[in-house]
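Worksheet: the structure to be examined is printed underneath.
Every number in this text was worked out from the coordinates using simple rules, so none of it is lab data. None of these values were measured; they are calculated from a predicted model. Backbone-built Cβ (ideal geometry, glycine too); neighbour counts: all protein chains shown.
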Amino acid sequence: MAAHRCRYLACLLLLFLSVILVTMSQETTLGHEQHELVIRPLHSGDIYASFQFRTVWETDFMKGNKVSHYRLFPKSLGQVISKFSVRELHISFTQGYWRTMQWGQPFIPSPPGAELWVWFQDSVTDVDATWKELTNVLSGIFCASLNFIDSTNTLQPSASFKPLGIGNGTTDHRFLRYATLPREIVCTENLTPWKKLLPCGSKAGLAVLLKSEKLFHSSFHSQSVHIRPVCQDRQCKSSSWELRQALNVVFDLHTSGQSKREWSLFKMFSRTLTEACPLASSSKIYIDVTDNPQEEQFELSPATPLLSQAVVLGDRRTFSVYDLTQQVTFGTVRSLNLMIRWKSSEGDMLRPLLHAERYVTGYGLQTGEIHTLMYNNHPFRSFPVLLLDSVPWYLRLYIHTLKVISKGKDNNPSYIHYQPSKDRERPHLLEMLLQLPPHSVTEVTVQFERALLKWTEYTPDPNHGFYVGSSVISSLVPSTVAMETNITMEQPLFSSFFPCKEESSYFARVYTEPLLVNLPTPDFSMPYNVICLTCTVVAVGYGSLYNLLTRSFQVEEPNPGLAKRIANVIRRMRGVPPL
Amino acid sequence: MYFLASLSERRRGQLAALSIAAVVIVVGVPLWWRTTETYRAWLPFSQIKDLSKLQLHLSADVEVVFARGTLTPEQQKKLPLTQTQDEEHAVDENTVLRYTHEIKYRTATIMEEEALGKPTAAEADLSLHMLSESPCGSSVVYVIPEVSSLLPENVKVYIGQRRTAILRINAEMRAGKTVEQLLAVLKPQIKQVLQVMSFSHTDITAALSDRVRFNPGSKESMTHSMRAFTSSPGYEITFSLLNPDPRSHRLHWDIEGAVQTYIQPFLTKLSPLANFSIDSQMLHYAMLGVNPRYNNDRGAFILHADSLAHVINPVEARLGSNAASSNPVLNFLLYVPDAQHSPLYIQDHKKMDVPSNAFHSPRWGGIMVYNVKNLYGPEAEFPVNININMAEVMGVFLTQLRLLVGMESSPPPPGFLVAPCGSVGLADWELDRLMWSRSVENIATATTTITSLAQLLDQIGNIVINDNIAQQVSSAVTSVQLAVAELEAGNLGFALQYSKETILASEKAFFDPSLLHLLYFPDDQKFAIYIPLFLPMCVPILLSLLKMASEARRRYREKQAKKD
């Protein structure tokens, strides 16, 4: 054990030295570009790979001077920021649902579909018009249907989404807009423009691994772009823009590995690494080896002497580090193909401290009930969570039926922000601050009624159902180790996305599943049928009336009955006079 | 008795049928018409029809000033004098161009004499400009005697940086002639000067290309007119530095400073024409679309003029569109070839090196190849830091920008000396020429837009015309009329202003999305909805009306027969 600790110490020292080297090289060269790939073998046997690319642009943007010369920062995004006076922009495209129960917390969480939230600068006068224009421009940049964001799915959360960069002062939620499109399908056409924003494109460095045919052959895929202002130095006298591009992907190894638990860069991405992007000041691969200190679970090759420790999501993790800017990393074959070979096949189930789920109950097409379940798995500590629920207007919430129950007792929210919907104008917004008791399940239920839509408002396949976006649960989860609160400290990208204010807890955001709700759907040929039927009824009535009015009626000789006529025919044949 | 009753019954039936038909026609049809009609605001169709026949009248003021020693005293007595030169061209059956130059002849003032006494033409030009500033669109020609040392030998005409020209006349031209004779001799020379300094017929017809179909004879003017960007209220200029090899070259360019020194003065001068915005970016790993061939004799890579057409497309995908505006983009690319493919030279069709090592693509932008191979030795350590010489680069880009904006640099006629354009990169008279042709181009484009919109709206009755579209159309029409009137009055600045307004308004009306709402409402669906109601209601009415008509005719015939 003592030897073990000694090794860690040495590694930490090594890490410290490398950090100093990095900061020095940053000052002399371009130095505004960091690339990172974290690979974490998950307990379920899947592999979680998380790419992060960070570009820092040292320019004073708050003074409103027109900046138009771009070097590493992509021009298209820079123009968007300056034209629409954006202070912070977060956009994510996700395919699949992150299974918190099996996989733990992701480094950057995102809901299924597309999510966009933007803080505008307080110089913007007409926020709604700017937001509309911004979504249209972004849908062009990312080839996504963000132009479907309108007032019926835009929210102004009052507490759940706070600025992540330096913002000092104005956190007036009038300047915040939040929207999700749970139905958005993410594919290659979204990945290509995303890759184009990287300074090296997909030509060099870690980005060569991003081959779309492999990335989309996975259990979970999420790509995001985050722009925010950050401090330029430790004193924070001047600020700069930070652009983070993150791509998270979970590969299912059971299906792709032919029951052999073996994994390599080549198998996963059908590429190996040969060089770092020459524009990047640091380019590293981290492999999570926390559960494998003595190589009893898996074997990593090639081995690296470099170890690093970081506190991420309230847990101290150990990583093997491969620095791509060093030639040594690529060895004699000038190519890096990381490989993990599992020894044991069993992984134990992970219990995340916080996770949540959501579903709809009820039968028929008139009413229903939304259930949101939040689990606190901490054995003895309770912690607060902020629940944000956005429900489209066509599900009419009965807010008086709102019930929050934990451990069989009513749990009174300490803060409720509820904004009722307006038909065809805005959705329901429900925000609650709740205290989750230790080791408990908290259930939030609310009943709703399904509205009838106008026939042009139905989607092309209305029987598929209508999506309701994920609930967002933001919380400060108690951490097991002390968190690093100094955000300007040099630390790996994956541990520095959410700024941390407190040592004893970490910020986590959990998204629930989106809901798929059936609405009463008419038969769409019905309007024409109704027209035909009513017209026929009117025509029949009108015809008989018309006949009554215009025809003249005369008394006619009564017709002889059928029997009599037949009798007459027979009588005529017999030559007898008719009756 | 029975017969009478049946007759009155039939009469009643006929009356009922008639009254139902009357109700349907008087109430039903107008009601249906009112409730299903599409809203169509009033458009000034008659004025739009007038626009299809365009008579453009361009007029400009010219002053001809005679310096001391060019006129005899009795000739001087006849001055000042005004003449008008008129020309008329029918471009096609709907477009007529008329040019008027109002020429005022006068003698020079003492101050002007003093200015003309300066040692060089450039200084004289400057001090004449200080004396009086001639308005936009006009020009001044100073006539100086042969003995003057202002112009070098064998130069007849000097064209300055502003709106002045200096013309030298020979002694024999003026000897013993009346003023009228002298002016008649001078006239062709002044006309030649005006061809250079003011609007020329080729320019104006090129500007009309939107309206008038080209006769394929003039290939030269065609390439010229295709090169320049079409008129637009604004342009985005993007400078991109392409670095295909960031591992070997670390490039630094001072684009902010270079734009400030070289490009901004030029654009400030052009600001009456359009708004320009500038940005720049650096693209790494951006390759050209063709592989240059290695030439052993030269020891260099060669890019032939034939293959230049394929260079742009793969680069264009990386350039990115402008997210913030919809104005046309002028791209200027500086390509630094990678270390393995250096140096790289562009050769023209005659296999000669292009001295600037650059080329431009019509209505797109320019590309310059910047070789850095000779800036470092073979044992240099990669990546090499390289500072790009912006003066060299911007000189090339400025020339290309001039061409793309539409400034012609055709060689002047023999005996003419054109002053170098100086730090601004643009002489006043060049700007005037551009403003003339841009005004005409705007007017031509706007008239075609409005007339085709009116035609479209006239043809398709389903289109809804909202009030705002009608308003845009009428404002476009008024602005066209104003612009044409200002051109005729010789107020170039106002004419350009109105022509810009008209083009904005007409485009806005033409591309308004509300025009599309009901455009594709198909007729068969309409009938499918109408038929179930209309058919069973109208058929009995029509039948009984027919029956009544035939009965009336039969009775009429019977009456005739009785009369006979």
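Whose amide H sits under 5 Å from the amide H of B:ARG40, counting only residues 5 or more places off or on another chain, with H placed in the peptide plane?
Those lying under 5 Å, H to H, from B:ARG40 are B:ILE465.
How large is the convex hull of the Cα atoms of segment B:384-532 per residue, expressed in Å³ as a whole number?
225
Measure out, as a whole number of angstrom, how far apart the alpha-carbon centroids of segment B:257-324 and segment A:107-152 sit.
32
Along each of its three principal axes, how wide is the spread of alpha-carbon positions in chain A, in whole angstrom units, largest first?
So the extents along the principal axes, rounded to whole Å, are 135, 58, 55.
Kindly work out what percent of the DSSP beta bridges joining two residues of the protein assembly as shown are antiparallel, to the nearest 5.
Here the antiparallel bridges make up roughly 70 percent for the protein assembly as shown.
Run the quick spin-label model on A:TYR363 and A:GLU213: label points 7 Å from Cα toward the beta carbon, then report their separation in nm to one decimal.
Rounded to a tenth, the inter-label distance reads 4.9 nm.
On a straight-distance basis, which lysines could pair with B:LYS104 in a cross-link, Cα separation under 22 angstrom, same-chain partners fewer than 8 positions away excluded?
List returned: B:LYS77, B:LYS78, B:LYS156, B:LYS177, B:LYS187, B:LYS191.
Where the eigenvalues come from the Cα gyration tensor of the protein assembly as shown, what are the semi-axes √(5λ) of the equivalent ellipsoid, largest first, in whole Å?
Ellipsoid semi-axes (Å, largest first): 64, 62, 26.
For the pair B:GLU381 and B:GLU113, how long in nm is the line joining their label points, each one 7 Å along Cα→Cβ?
Each label point is offset 7 Å from its Cα along the Cβ direction, giving 7.5 nm.
Can you classify segment A:237-344 as rounded, prolate or oblate using the Cα gyration tensor, where a ≥ b ≥ c are the square roots of its eigenvalues, rounded means a/c under 1.5, and otherwise it's prolate if a/b beats b/c and oblate if not?
It comes out prolate by the Cα gyration axes.
Could you compute the FRET efficiency for B:ARG363 and A:GLU295, with r as their C-beta to C-beta distance and R0 at 51 Å, rounded to 0.05?
Plugging the Cβ-Cβ distance into 1/(1 + (r/R0)^6) gives 0.20.
Enumerate the helices in chain B for which the Kyte-Doolittle hydropathy averages 1.0 or more and the C-alpha atoms extend at least 24 Å along the helix's axis, using complete DSSP H runs.
Membrane-span-like by this criterion, though nothing is claimed about a membrane: none.
Enter the angle in degrees (range 0 to 90, nearest 10) between the Cα long axis of helix A:75-84 and the first principal axis of the Cα atoms of chain A, meaning the one along which they spread out most.
Tilt relative to chain A: about 70 degrees.
Quick check: from the Cα gyration tensor, does chain B come out rounded (a/c under 1.5), prolate or oblate?
Note, shape of chain B comes out oblate.
For segment B:8-83 and segment B:92-150, compute the distance between their C-alpha centroids and round to whole Å.
A separation of 42 Å, based on Cα centres.
If the cut-off is a Cα-Cα distance under 28 Å, which lysines reach B:LYS351, setting aside same-chain residues fewer than 8 apart in sequence?
Output for B:LYS351: B:LYS219, B:LYS373.
Across peptide A:134-143, how many C-beta atoms of other chains are within 10 Å of each residue C-beta, on average?
Whole-number average of other-chain Cβ neighbours for A:134-143 is 1.
Mind checking the full-extension length gain between A:MET573 and A:GLU557? Use 0.36 nm per residue of separation minus the Cα-Cα distance, one decimal, nm.
Once the chain is fully extended between A:MET573 and A:GLU557, it gains 3.3 nm.
Kindly express, to the nearest 10 degrees and within the range 0 to 90, the angle between helix A:562-574's C-alpha long axis and the longest C-alpha principal axis of chain A.
50
What FRET efficiency, computed as 1/(1 + (r/R0)^6) with R0 = 35 Å and r the Cβ-Cβ distance, is obtained for A:LYS407 and A:ARG316, rounded to the nearest 0.05?
0.65
Measure up A:LYS214/A:LYS343; A:LYS83/A:LYS422; A:LYS162/A:LYS196; A:LYS132/A:LYS203 against 27 Å on the Cα-Cα distance and list the ones that go over.
As for pairs spanning more than 27 Å Cα to Cα, those are A:LYS83/A:LYS422; A:LYS162/A:LYS196; A:LYS132/A:LYS203.
Scan segment A:483-579 for chymotrypsin sites (Phe, Trp or Tyr not before Pro) in coil per DSSP, keeping those whose Cβ has at most 15 other Cβ atoms within 10 Å, and list them by number.
For chymotrypsin sites (Phe, Trp or Tyr not before Pro) across segment A:483-579 that sit outside H, G, I, E and B with at most 15 neighbouring Cβ atoms in 10 Å, the list reads A:PHE524, A:PHE553.
Give the long-range amide H neighbours of A:LEU519: residues separated by 5 or more places, or on another chain, with amide H under 5 Å away, using H modelled in the peptide plane at 1.01 Å from N.
For A:LEU519, whose amide H was placed from the backbone, the distant partners under 5 Å are A:PHE466.
Would you work out the relative contact order for chain A, in percent, from Cα pairs under 8 angstrom that are 6 or more residues apart?
Dividing the mean separation by the residue count of chain A yields 15 percent.
Students often forget the sequence filter, so: which lysines lie under 18 Å Cα-Cα from B:LYS500 once same-chain residues fewer than 8 apart are removed?
Answer for B:LYS500, where 18 Å is the Cα cut-off: B:LYS269, B:LYS508, listed by chain and number.
With the cut-off at 1.5 for a/c, could you classify segment B:58-102 from its C-alpha gyration tensor as rounded, prolate or oblate?
Here segment B:58-102 falls in the prolate category.
Project the alpha carbons of segment A:433-579 onto their principal axes and report the range along each, largest first, in whole Å.
126, 35, 28
Using 0.36 nm per residue, how much length does the chain from A:GLU449 to A:LYS564 gain when fully extended, once their Cα-Cα distance is taken away?
Once the chain is fully extended between A:GLU449 and A:LYS564, it gains 34.6 nm.
In segment A:248-333, which chymotrypsin sites (Phe, Trp or Tyr not before Pro) fall in coil by DSSP and have 12 or fewer other Cβ atoms within 10 Å?
none
Taking amide H atoms as placed 1.01 Å from N in the peptide plane, list the residues 5 or more away in sequence, or in a different chain, whose amide H sits under 5 Å from that of A:SER283.
Excluding prolines and chain starts, which carry no amide H, the hits are A:HIS35, A:LEU324, A:THR325.
With each pseudo-label sitting 7 Å past Cα toward Cβ, what's the A:ASP122-B:ASP50 distance in nm, one decimal?
With each label point 7 Å from Cα toward Cβ, the separation is 5.6 nm.
Say R0 is 56 Å: what FRET efficiency, to the nearest 0.05, do A:THR171 and B:LYS526 get from their beta-carbon distance?
According to the calculation, E is roughly 0.50.
log10 I(q)/I(0), Debye, Cα-only segment A:95-177, no solvent, q = 0.20, 0.23 Å⁻¹?
Rounded to two decimals, the profile gives -1.06, -1.21.
Could you work out how much longer the chain between B:TRP33 and B:GLN340 gets when fully extended? Use 0.36 nm per residue separation minus the Cα distance between them, nm to one decimal.
Between B:TRP33 and B:GLN340, full extension yields 102.9 nm more.
Alpha carbons only, please: Rg and Dmax for segment B:389-461, in angstrom.
Spelled out, the Cα radius of gyration and Dmax of segment B:389-461 are 19.2, 62 Å.
Per-residue mean of other chain beta-carbon atoms within 10 angstrom of the beta-carbon, peptide B:319-325?
Per residue, the number of nearby Cβ atoms from other chains is 6 on average.
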